[in-house]
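Values in this text are rule-based calculations from the coordinates and carry no lab data. Treat the numbers as computed from the prediction; the structure is a model and nothing was measured. With ideal geometry, Cβ positions are generated from the backbone for all residues, glycine too; neighbour counts draw on all protein chains shown.
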Amino acid sequence: MSTISTVPERVALGGVLMNERDPGWWRADVDRAVDLATLDLSTTDCCVLAQRCPLDALADATGLESPDMLAGYDYDQAYGVNAVRLAGESSWVPGVEAWARAHGFTGYPGELDALTAEWRRVITELREAEAGRV
């Protein structure tokens with residue numbers, strides 16, 4: 001069994017997963033759309049998973065009664081909340097970090113810029129392809 005290890009391979013695997021579990025995740029016209037200008041995998045509140053984290057899941061995980069109470073909230077937990085949700089776990093377990101790394105949602109410090117650039121490229125291509133079909 002070969003290991004998926006390059007940045008493009010890992011992001012492609014993450015994109016497939018996002019297509020399955022969060023259809024339309026890449027679109028600019030959806031609620032909680034990924035903002036390419038602020039996309040940054042080196043910060044847990046600006047990565048793909050944080051930006052796409054459902055606000056009801058974040059509110060629940062932080063003990064707030066509703067997403068309306070998130071106004072002014074620091075979204076630094078959004079990455080972890082969405083990683084747990086998409087990995088199919090009920091809480092953060094040791095395997096979630098490895099799962100997130102294998103899917104290009106996080107990486108080692110020296111590769112975070114490359115991961116950010118690859119997610120931007122993929123999302124831009126998907127948005128441009130969609131615009132061409134309109």
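A compact table of results
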item: Restricting the range 102-119 to residues that are surrounded by fewer than 17 Cβ atoms within 10 Å (Cβ to Cβ) and of a type outside the set (A, V, I, L, M, F, W, C), the residue that is nearest to P8 (Cα to Cα); result: D113
item: Subset of the range 1-55 [assigned to a loop (DSSP other than H, G, I, E, B), more than 12 Å from the chain's Cα centre (by Cα) and acidic (D, E)]; result: D29, D31
item: The range 91-120 - residue that is of a type outside the set (G, A, S) and in a loop (DSSP other than H, G, I, E, B) and, of those, nearest to D60 (Cα to Cα); result: W92
item: Count - residues of the range 120-134 that are without any contact (Cβ under 8 Å) to a residue 24 or more places away in the chain and crowded, with 17+ Cβ neighbours inside 10 Å; result: 0
item: Hits in the range 41-59 (condition: surrounded by fewer than 19 Cβ atoms within 10 Å (Cβ to Cβ) and touching a residue at least 40 places away in the same chain (Cβ under 8 Å)); result: S42
